[in-house]
Structure formats: structure tokens, C-alpha cells
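A.B. asks: This is the structure, below, for whatever I ask next.
The values are calculated or read from the model by the stated rules, or taken from the named source; none is laboratory data. Fair warning: this is a prediction, and the values are worked out from it, not measured in the lab. For neighbour counting, all protein chains shown are included, and Cβ atoms are generated from backbone atoms with ideal geometry for every residue, glycine included.
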Amino acid sequence: MILLVNDAGILIDLLKVDLMEPFFKLRYEFHATDFVVAEIREENADQLYAFIQNGKIKKWTFDFEALTQIQHLETRHRVLSIPDCSCLYLAANISATLLTGDGALRRVAEYNNIPVHGLLWVFDELVNHKQITPKKAYQKLEELMGINPRLPSLECQKRLMKWKKGF
């Protein structure tokens, strides 16, 4: 089973376009840290809490030793926040893939040989595993592009063109 550690940005974007349910139907083991969960304040965050409650996503809390190591990561990588470092720490310690849209976190993870994917990979997985149709992926990605200007425009356009051919 492939383990995925989710950062807040990924979860927030999925909440904004109402794709939490199909996301958690993917056959992965999902993880998030308590720092990440605390960052999520969307109106519909109760959807995320329901997935935590039913065990679909495991929420991690850390002991003193782990918190010390997370703080050390933050000191070493000043561009990262404590929640970012908690994701980095967790992914490294459970041999998981990190899901993030944060460029700095991605670079640090890759430097540390931690596999990383972003939101567009999530969309690809949703389509490839038939959790959403290409048409719905097209609609949801267009919607998200209007909300999140940090998405890579060229990669988004490639997917939109590909998915449009599918409907």
C-alpha cells in the first residue's frame, strides 16, 4: 500500500472544489499531521474531520522527541513552516510520498529523496482510477485555476486539453 502524507494546501484545494470524497476513495493510505489539520479552516472542513473520524485519514500527533526534530528541520530550512516540516518529518519516518503544492517544500523533499506529487497528480489519479470523469476533472480544474493562481498554468492547460478530448 502506498502511503500519502498530505499538506494543508492539497486538502484545502480539494475542499474548495468538493473533491474530498473521490480523493479518499483512491486506494492509498492517507496521513496528515495535527499541524496540517489545524491549518484547515475552510467552511466545509467538517468533511475532512469526518474522514479523520472514520479512519480514512490518520492524523498524527508528535511526542517531544519528534517535535524537537521537526523544529530542527524548520531551523535548517528557514523557508518552511512548522506544518511543512511536520509533513517532511512524517513522510521520511513512515516512508511515504508527500503531497504538496508548495514549491519550497517540494524542493526540500526531493533533496532528501522523499517522493513528492502535487495537486495535478491527484487529478490524474482521480481520472485514471475512475473516481471522476474527464469532464468533471476539466470542470473542477478550471474552477480551481480561478481560485488558486499558484497552479502551474502550462501543466493545467495540457490536462484540460487532454480531458476535453474525453468528452
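A.B. asks: I'd like to check something: does the stretch 56-78 contain any residue that is outside the structural domain of P149 (by TED's automatic domain parsing), part of a loop (DSSP other than H, G, I, E, B), touching a Cys at 6+ places or on another chain (Cβ under 9 Å) and over 19 Å from M1 (Cα atoms)?
C.D. replies: Within the stretch 56-78, one or more residues are outside the structural domain of P149 (by TED's automatic domain parsing), part of a loop (DSSP other than H, G, I, E, B), touching a Cys at 6+ places or on another chain (Cβ under 9 Å) and over 19 Å from M1 (Cα atoms).
A.B. asks: Of the residues that sit in the stretch 6-22 and are among the hydrophobic types (A, V, I, L, M, F, W, C), under 10 Å from the mean Cα position of the chain (by Cα) and within 22 Å of Y138 (Cβ to Cβ), which one is surrounded by the fewest Cβ atoms within 10 Å (Cβ to Cβ)?
C.D. replies: Selected residue: I12.
A.B. asks: Same structure again: Test of understanding: among S86, S95, which residue is of a type in the set (S, T, N, Q), surrounded by fewer than 22 Cβ atoms within 10 Å (Cβ to Cβ), within 24 Å of Y28 (Cβ to Cβ) and touching a residue at least 40 places away in the same chain (Cβ under 8 Å)?
C.D. replies: Values: S86 fails: surrounded by fewer than 22 Cβ atoms within 10 Å (Cβ to Cβ).
Step by step, each of S86, S95 is checked, and only S95 is of a type in the set (S, T, N, Q), surrounded by fewer than 22 Cβ atoms within 10 Å (Cβ to Cβ), within 24 Å of Y28 (Cβ to Cβ) and touching a residue at least 40 places away in the same chain (Cβ under 8 Å).
A.B. asks: Across the stretch 23-38, what is the total count of residues that are acidic (D, E) and under 13 Å from the mean Cα position of the chain (by Cα)?
C.D. replies: 1
A.B. asks: Quick check on L48: is it of a type outside the set (S, T, Y), more than 21 Å from V108 (Cα to Cα) and crowded, with 19+ Cβ neighbours inside 10 Å?
C.D. replies: Judged against the criteria, L48 is a match.
A.B. asks: I'd like the full set of residues that are surrounded by fewer than 16 Cβ atoms within 10 Å (Cβ to Cβ) and either of a type in the set (S, T, N, Q) or at pLDDT 95 or above (or both), limited to the stretch 98-110.
C.D. replies: First pass over the stretch 98-110, keeping only residues surrounded by fewer than 16 Cβ atoms within 10 Å (Cβ to Cβ): 103-104, 107, 110.
Scanning the stretch 98-110 gives A104, R107, E110.
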